[in-house]
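Report on one structure; see the data block that follows.
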Amino acid sequence: MGTSAVLVFSDDLVIPTGTGLTLNNMELRFEADAKIIIQRGARLTANNSTLTSLDCPGARWPGIRVEGNSADLTQSTTEQGKLFLTNSIVEHAEVGVWRARQVDIATPAGGSFGGRVLALGSTFRTCID
């Protein structure tokens, strides 16, 4: 896709259980209702990439949801979603990263807390939370 591909999402980008997605030198722009959902046992890796709102300033996107299993005290790879950011930017989101499954705008699903997040040399900016 080249060295600076731009993708626009009007619906959620869902990384399903058992799969992984790697972004290199990408810009992902999200409409106001579109978010990233990393399900349990899935992985999203972003290297030198930007995850942002399509219409900002003026409209924010919901951000990233990393789903987990609250009962999994070992943080196993099959029970936790994983987000790895290296030299990347998450910006103009309502919530940069929420480590739970979302039921509605302010309510996480019970038992879905967890998820693993590692951000190296990365920036979260102009996010509300």
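The values are calculated or read from the model by the stated rules, or taken from the named source; none is laboratory data. Just so it is clear, the model here is predicted, and its values are computed rather than measured. All Cβ positions, glycine included, derive from the backbone under ideal geometry; neighbour counts span all protein chains shown.
Comparison of GLY41, GLY68, GLY114 shows that the only residue that is surrounded by 21 or more Cβ atoms within 10 Å (Cβ to Cβ), modelled with pLDDT of 90 or more and in a loop (DSSP other than H, G, I, E, B) is GLY41. When VAL97 is tested against (1) at pLDDT below 65; (2) within 14 Å of ILE37 (Cα to Cα), only condition (1) is not met. Consider region 10-26 and keep the residues that are surrounded by fewer than 19 Cβ atoms within 10 Å (Cβ to Cβ) and under 13 Å from the mean Cα position of the chain (by Cα). The one that is nearest to GLU94 (Cα to Cα) is ASP12. The residues of region 44-54 that are in contact with a Phe, Trp or Tyr (Cβ under 9 Å, 6 or more places away or on another chain) and assigned to a loop (DSSP other than H, G, I, E, B) amount to a single one, LEU54.
Scanning region 1-38 for residues being of a type outside the set (A, V, I, L, M, F, W, C) and either under 22 Å from ALA59 (Cβ atoms) or in a strand (DSSP E or B) (or both) gives a total of 11.
Looking across region 27-38, the residues that are touching a Ser or Thr at 6+ places or on another chain (Cβ under 9 Å) and surrounded by 14 or more Cβ atoms within 10 Å (Cβ to Cβ) come down to GLU27, LEU28, ARG29, PHE30, GLU31, ALA32, ALA34.
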